[in-house]
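> This structure is in structure tokens; I'll ask about it shortly.
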Amino acid sequence: QVRLVESGGGLVQPGGSLRLSCAASGSIISFYTMAWYRQAPGKQRELVAGITTLGNTNYADSAKGRFTISRDNAKRTVYLQMNSLNPEDTAVYYCNAKESGSWGKGTQVTVSS
């Protein structure tokens, strides 16, 4: 089973950028559709972006034009580049390997002045 560890979260001002990383171990990720989800306080976990094994991507409407998901199968890492962040992006961000059903423990992103 693939194990996932997220990193790169933190406190950023509105309009700023962050790059999240999701490092996988225990299995190569090229077999899996990978995705980033987020969960804000009091809200349900929601899909932010996904990337298939062929590199096709999809985004939540809130992420389109601002976030970019990418994968480096050789490094077993998935990235989420987040630009033009706003306070509504504040959440814990989780990495998911769809076919494995694996989740990381999340990384906190806080957007505040």
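The values are calculated or read from the model by the stated rules, or taken from the named source; none is laboratory data. Just so it is clear, the structure is predicted and the values come from calculations on it, not from any experiment. Neighbour counts run over all protein chains shown; Cβ positions are idealised from the backbone, glycine included. Just so you know, the surface numbers come from the protein's heavy atoms only, side chains and all, with ligands and any DNA or RNA stripped out. Shrake-Rupley method; radii C 1.70, N 1.55, O 1.52, S 1.80 Å.
> Can you tell me how much longer the chain between residue 105 and residue 75 gets when fully stretched, taken as 0.36 nm per residue apart minus their C-alpha distance, in nm with one decimal?
Contour length minus Cα-Cα distance gives 8.8 nm.
> Taking the Cβ of residue 12 as the center, what net charge do the other residues with Cβ under 15 Å away carry, scoring Lys and Arg +1 and Asp and Glu -1?
Residues near residue 12 contribute +1 overall.
> A follow-up question, please. Check each of the GluC sites (Glu not before Pro) in the range 26-113 and keep only those in coil by DSSP with at most 15 other C-beta atoms within 10 angstrom; list them in order.
Those satisfying the criteria are 99.
> Using θ = phi - 60° and the Karplus form 6.51 cos²θ - 1.76 cosθ + 1.60, what ³J(HN,Hα) does each residue of the range 28-41 get, whole Hz, x for Gly and Pro?
Values per residue, Gly and Pro as x: 7, 8, 4, 7, 10, 6, 10, 8, 10, 10, 9, 9, 8, x Hz.
> Can you give me the three principal axis dimensions of the range 65-107 from its C-alpha atoms, in Å, biggest first?
Principal extents (Cα only, largest first): 31, 20, 15 Å.
> All other residues with a Cβ under 12 Å from the Cβ of residue 22 taken together, and with Lys, Arg as +1 and Asp, Glu as -1, what is their net charge?
Charge balance in the 12 Å sphere: +4.
> With each label point set 7 Å from Cα along the Cα-Cβ vector, what nm distance links residue 83 and residue 44?
3.1 nm
> Mind listing the long-range amide H neighbours of residue 60? Cut-off is under 5 Å, sequence gap 5 or more, other chains count too, H placed in the peptide plane at 1.01 Å from N.
Under 5 Å from the amide H of residue 60 lie the amide H atoms of 49, each far enough along the sequence or on another chain.
> Counting other Cβ atoms within 10 Å, keep those with at most 11, restrict to DSSP loop, and tell me which trypsin sites (Lys or Arg not before Pro) in the range 1-102 are left. If you can, show how the numbers build up before the last one.
Working: sites: 3, 19, 38, 43, 45, 64, 66, 71, 75, 76, 98; in loops: 43, 45, 64, 66, 76, 98.
Sparse-neighbourhood loop trypsin sites (Lys or Arg not before Pro): 43, 64.
> While we're on this one: Share of the chain's accessible area from carbon and sulfur, percent, 1.4 Å?
48 percent
> Find the accessible area per residue for the range 1-45; the probe is 1.4 Å, ligands and nucleic acids are left out, and the unit is Å².
Heavy-atom SASA per residue in the range 1-45 reads 56 Å².
> Students often get this wrong: which residues of the range 69-104 have the backbone nitrogen under 14 Å from the point 7 angstrom along Cα-to-C-beta of residue 5?
76-78, 104
> Over the Cα atoms of the range 1-110, how large are the radius of gyration and the largest Cα-Cα distance (Dmax), in Å?
Here Rg and the maximum Cα pair distance are 12.9, 37 Å.
> Could you calculate the FRET efficiency of residue 28 with residue 112 from 1/(1 + (r/R0)^6), where r is the beta carbon distance between them and R0 is 35 Å, rounded to 0.05?
Between residue 28 and residue 112 the formula returns 0.40.
> May I ask you to give the solvent-accessible area per residue for the range 55-113, in square angstrom, as obtained with a 1.4 angstrom probe?
Numbers: 3010 Å² over 59 residues.
Each residue of the range 55-113 exposes 51 Å² on average to a 1.4 Å probe.
> Residue by residue, what Karplus-based ³J(HN,Hα) values in Hz, rounded to whole numbers, does the range 78-84 have, using 6.51, -1.76 and 1.60 with θ = phi - 60° and x for Gly and Pro?
10, 10, 9, 8, 10, 10, 6
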